[in-house]
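Encoded as structure tokens, the structure appears first; notes follow it.
The values are calculated or read from the model by the stated rules, or taken from the named source; none is laboratory data. Computed from a predicted structure; not experimentally measured. Cβ sites come from the backbone with ideal geometry, for glycine too, and all protein chains shown count toward neighbours. With ligands, DNA and RNA removed, areas are computed over all heavy atoms of the protein, side chains included. Shrake-Rupley method; radii C 1.70, N 1.55, O 1.52, S 1.80 Å.
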Amino acid sequence: MRLVEPTMEWKEEHENYVKEWGNTRLVPSSFNLEGFETYESFLEALRVRQSGQGKWVPGSDYFLVNDDNRIVGMVNIRHELNEFLRQVGGHIGYGVRPSERRKGYATLILKEALAKCKELNINPVLVTCDEDNIGSAKVIIKNGGIEDESFLDEDGSIKRRFWIEN
Ligand SMILES: CC(C)(COP(=O)(O)OP(=O)(O)OC[C@H]1O[C@@H](n2cnc3c(N)ncnc32)[C@H](O)[C@@H]1OP(=O)(O)O)[C@@H](O)C(=O)NCCC(=O)NCCS
């Protein structure tokens, strides 16, 4: 298993991955292909976003890829926190494709993302999840997450917030 950056060679695999999510909201949203006419334009927009423009803070994005070159998960690392990220989003967002869930991949992707955070001197790392996302809370706790106060969003939803010493 390894983390790789999105490039042209992953076009087809990325498209298949997104299809598998069907109507459910793709997480992290930075990998959404909707609205892009070509994969090149998606990659270009991703690079702009990663450099920290407009409402985006600087970031990195990786696929978690297995030995058969299948993308099993995706992760977006935010290098800084703004008000929204401090309350709701945190430093790291991740998702695993539906057919590969409950196999430990989210636990692994967060571990690998924490290693990337270490290289970037991001410490402590904030990771959040929806109150009803039991799987994600387990992933965070297994990676050393210590729970802080939750945040009540305008829409009434509650975000659980965890800090990880890195
Ligand atoms: C949440 C998500 C990332 C979990 O991925 P995963 O690869 O299935 O997680 P893991 O296999 O590493 O599971 C970690 C633990 O959570 C448990 N778990 C995973 N999904 C669960 C679920 N839906 N309900 C209850 N427990 C769950 C696993 O059994 C495991 O527990 P264990 O350590 O006691 O065995 C995945 O379901 C997903 O991509 N969901 C949609 C996007 C999302 O919610 N992302 C997180 C945003 S904060």
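General remarks:
- Only residues that are of a type in the set (Ser, Thr, Tyr) and open to solvent by less than 40 Å² (accessible area, probe 1.4 Å) were counted across region 142-156, and they come to 0.
- Subset of region 7-28 [under 21 Å from Ser60 (Cβ atoms) and surrounded by 12 or more Cβ atoms within 10 Å (Cβ to Cβ)]: Trp10, Lys11, Glu13, His14, Tyr17, Val18, Leu26, Val27, Pro28
- Among the residues of region 30-39, those that are of a type outside the set (A, V, I, L, M, F, W, C) and touching a residue at least 12 places away in the same chain (Cβ under 8 Å) comprise Ser30, Asn32, Tyr39.
- Extreme residue, most open to solvent (accessible area, probe 1.4 Å), among residues of region 73-92 that are in contact with a Phe, Trp or Tyr (Cβ under 7 Å, 6 or more places away or on another chain) and more than 8 Å from the ligand (Cβ to nearest atom): Gln87
- Where a residue in region 40-62 is more than 22 Å from Ile109 (Cα to Cα) and its partner, wherever it lies, is open to solvent by less than 90 Å² (accessible area, probe 1.4 Å) and hydrophobic (A, V, I, L, M, F, W, C), with Cβ under 7 Å and at least six apart: Phe42/Leu33; Phe42/Phe36; Ala45/Phe36
- In region 25-53, the residues that are over 14 Å from the mean Cα position of the chain (by Cα) and of a type in the set (Gly, Ala, Ser): Gly35, Ser41, Ala45, Ser51, Gly52
- Residue match in region 93-102 (condition: surrounded by 12 or more Cβ atoms within 10 Å (Cβ to Cβ) and more than 11 Å from the ligand (Cβ to nearest atom)): no
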